[in-house]
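One structure is given here, and the rest of the page talks about it.
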Amino acid sequence: MSVPTRLTRPIRTARTARAIQPRRFTDARKAVLATVVAGLLAAAGGVAAAAPASATVTLAAAGCPQTVAAQGFPIEPLEATAGGIVTRTAGAFPPGVQLNALGTVLFGEPSAVGRYRFRLQLTVTDPTGAIVTSEVNCAITVQQAPKVNRIGGADRYAQAIALSAAAFPTADLAYVVTGERFADALSAGSVGAQHHAPLLLTPSGALPNGLIDELKRLKVKDVVIVGGVNAVSAAVERALRSGSGAEVTRIGGADRYEVSRALISDARFGMPKTSSIFLATGTDFPDALTATPAAFTDGSPVMLVNGRAATLSSAEIGTLDNFGVREATIVGGPLTVSDALLKDITTRFAAERLAGADRYATGAIVNHDVFKSASRVFIASGATFPDALSGGVPAGVSSNPLYVTTPECLSPEVYFEIGRLAPVDVTILGGLKAVGPALDTLTPCALD
């Protein structure tokens, strides 16, 4: 009798309960890689062989590392099944990529562009003591590090216009929200992506320079104001109506949660009914922001909830039931969406929490869960909301992830995600005051 021969790919999501463990694989760390892997597996509550099917790949079928990598960025480590040993029997790894001394982890940062072919052999001992081997041919194409561009504006309003201009040649529909608070923009992100419509920001009392010109350039036929008159005044509504020549509709509510429910449920300007939904706190911006393109890619809306509550409200239950929701993804840890609320949600729907140690890790985990590849990565500040608010829509419509980072340097979680996805381009959202110059060179924060 033989046992399955497997390599285990560490899936860093809440589904497998693995937290992201940033590591720069220098010579000093090679000797302790086995310990690192053991820690990852221990965090999952078991050994690799006990991991769910989504966390394992059969060696004979797909036991290879990622097929595309970025020069100078770490590949996602490939782990051997507990007790298994991997050897390279032919070909060559990319320079900078290697097996650890124990033959249990393939890891590293490719240092040279090119296509590299090699054969891996996995050796395990089955329960009878027999030695079982299996081999697979692999290849990694190492491409140049992603090109970095920055889209910024003189302020948050000009930033939103610049993003609209970069992403949309034309659009029949545009959403307008206040730029003075973040909640209504978070609700509108996944909806705007669904309709391939830009999200534009305005002060509460008067339209910013350039917004009407952008609406005319887009040739919009409909403008949707998201939020009540305390968020976007009646004067702004009149100015939009007279200046753009478009039909103007307002979708509001008594608070940010009612606005969110009303917007995603709107028959014309909301989301189609779906069996899945993303839920995020309405009291802070990073979790819902990074969830926007992931939710759109997953075909789901993002609905804001009061994360401090212990139960869903009757209005929230009604909205979810009307959508036909059967699965809910809660974005963020218990400090943003309480364990009590999660427990209540799980009594009604199949639910999971995607969360990391902080907002940066949470965003990485959400995107790891949804995006298996990406040609572009969008990055915004996780410390302040203005420049990031309108970024979810262009990221979503291009089917690419949005990450938040510290303003001073690239958060380790995002650095490793760039290595995993190996995008061609990275777009920084915001000027140098919002996201510092170290991001233009994708300089990571300290990884130790």
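Laboratory data are not the source of any read-out in this text; all were calculated from the coordinates shown. Quick caveat: nothing in here was measured; it's all calculated off a predicted structure. All Cβ positions, glycine included, derive from the backbone under ideal geometry; neighbour counts span all protein chains shown.
Taking all Cα pairs closer than 8 Å and separated by 6 or more residues, the relative contact order of the chain comes to 16 percent.
With the largest listed first and rounded to whole Å, the semi-axes of the equivalent ellipsoid of region 254-376 from the Cα gyration tensor are 20, 18, 13.
Taking 418, 85, 131 as the candidate residues, the one with maximal mean-square fluctuation in a Gaussian network model of the chain, Cα springs under 10 Å, is 131. Springs join every pair of Cα atoms under 10 Å in this Gaussian network model of the chain, and among 284, 255, 387 the largest mean-square fluctuation is at 255.
Report summary: the helix-based calculation at 222 nm, which adds -39500 (n - 2.57) for every DSSP H run with n ≥ 4 and divides by the residues of the chain, gives -8500 deg cm²/dmol.
Sorted largest first, the spans of the alpha carbon positions of the chain along the three principal axes are 78, 47, 33 Å.
Counted by Cβ distance under 9 Å from residue 75, the other residues give a net charge of -1, where Lys and Arg count +1 and Asp and Glu count -1.
According to the Kirkwood expression over distinct Cα-Cα pairs, how big is the hydrodynamic radius of region 370-412, in Å? Don't skip to the answer; put the middle values down first.
Numbers: mean 1/r = 0.0915 Å⁻¹.
Computed over Cα pairs of region 370-412, the Kirkwood hydrodynamic radius comes out at 10.9 Å.
Within the shell defined by Cβ-Cβ distances under 15 Å, the residues around residue 204 carry a net charge of +1, with Lys and Arg each +1 and Asp and Glu each -1.
Both numbers refer to the Cα atoms of region 319-425; Rg and Dmax are 15.1, 44 Å. For region 255-294, the gyration tensor built on C-alpha atoms gives an oblate shape. Its axis ratio a/c (a ≥ b ≥ c) is at least 1.5, and a/b is not larger than b/c. Per residue, the convex hull spanned by the Cα atoms of region 111-195 amounts to 259 cubic angstrom.
Once you order the gyration tensor axes a ≥ b ≥ c over the Cα atoms, which shape class does region 281-324 get: rounded for a/c under 1.5, otherwise prolate or oblate by comparing a/b with b/c? Oblate, because a/c is 1.5 or more while a/b does not exceed b/c. Spatially, region 212-259 and region 392-448 are offset by 31 Å when compared through their Cα centroids. Of the residues 131, 364, 426, the one whose Cα sits farthest toward the positive end of the charge dipole of the chain, with +1 on the Cβ of Lys and Arg and -1 on the Cβ of Asp and Glu, is 131.
Binning all Cα-Cα separations of region 214-303 at 10 Å, short to long from zero, yields these whole-percent fractions: 16, 39, 35, 10.
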